[in-house]
Each structure stands twice: as structure tokens, then as C-alpha cells.
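Each remark here refers to the structure printed beneath this line.
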Amino acid sequence: QVQLVESGGGLEQPGGSLRLSCAASGLTFSVYTMAWFRQGPGKEREFVAAVGRSGGTTYYADSVKGRFTISRDNAKLTLNLRMNTLKPEDTAVYYCAASIHSSSANRDNYAYWGQGTQVTVSS
């Protein structure tokens, strides 16, 4: 049974930083493209960032480029998202997802999803 479990969300002030992690089990982690999506209040789930199987290739939504960094550790079966210079518009539930497809920002290509972790950016 595949499980993706996110952690690290919380309340942070604008300009602050948070680090999200996703622990994976039940899948051959290294063959999956891994990604973070988010869903803000009243919004559709949107792509945030993805990392290729080896960790050498990364992709970002324009809205987070230069502020967020995605990384993975295939030995520890973990996915991370470092979020800097947080803005109120980053407030959302953040989801970890796994896709057998390479380099995809299309949420329909992701077969496995975590339950999400809440990130709130507010003063």
C-alpha cells in the first residue's frame, strides 16, 4: 500500500520560511517523479514544483520560482520543499504526489497523493 505522509506545515509570518517533508512508503520511490501541489481556499489544486527521478531535474511554477526549492533523498524515501520569502498568497494545503511519468506538472498524471499539510502565511 502506497503512503505519502506530509509534515512541516504551520503558521508563518510573511517573509518567513518553512520546510515541508513527505515520507514515502510502499512504492519504488526512485522511479517516480515527485511533486508538490497546493490548494488554497476556494481555488483549484495547482502545481508548485516537481523533481525528477534522480533529483537532478527540477521544475517550478512561476509563482514560486526563486523562493521555493524542491529536493528528494532516494535513500531515505523523502521529498522536501524549502519555502522562503513566504507570502500570504502561499497559504494553502500542500500535497505531496508521485507520478510514473517524467517531468509532469499535470495533476492528472499523478497516481498517488498524500493527505496534505496546512501552510498559513499571516501576520
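The values are calculated or read from the model by the stated rules, or taken from the named source; none is laboratory data. In this text the structure is predicted, and so the values were computed from the model without any measurement. In this analysis, Cβ positions are derived from the backbone assuming ideal geometry, glycine residues included, and neighbour counts consider all displayed protein chains. Each accessible area value is taken on the protein alone, full model and side chains, heavy atoms only, with ligands, DNA and RNA left out. Shrake-Rupley method; radii C 1.70, N 1.55, O 1.52, S 1.80 Å.
What to note about this one:
- Of the residues making up the stretch 83-93, none is part of a strand (DSSP E or B) and either closer than 15 Å to Y112 by Cα or of a type in the set (S, T, N, Q) (or both).
- Annotation: of all residues in the stretch 54-76 being in contact with a Phe, Trp or Tyr (Cβ under 7 Å, 6 or more places away or on another chain) and not polar (S, T, N, Q), the one that is surrounded by the fewest Cβ atoms within 10 Å (Cβ to Cβ) is A61.
- Residue count for the stretch 1-23, restricted to those that are in contact with a Ser or Thr (Cβ under 7 Å, 6 or more places away or on another chain) and either open to solvent by less than 30 Å² (accessible area, probe 1.4 Å) or modelled with pLDDT of 95 or more (or both): 12
- Test: residue in the stretch 96-103 that is under 18 Å from L11 (Cα atoms) and under 13 Å from the mean Cα position of the chain (by Cα): no
- Candidates L79, L86 - the one that is open to solvent by less than 50 Å² (accessible area, probe 1.4 Å), under 13 Å from L20 (Cβ atoms), modelled with pLDDT of 95 or more and more than 13 Å from the chain's Cα centre (by Cα): L86
- If only residues of the stretch 24-53 that are of a type in the set (F, W, Y) and under 18 Å from G116 (Cα atoms) are counted, the one that is surrounded by the fewest Cβ atoms within 10 Å (Cβ to Cβ) is F47.
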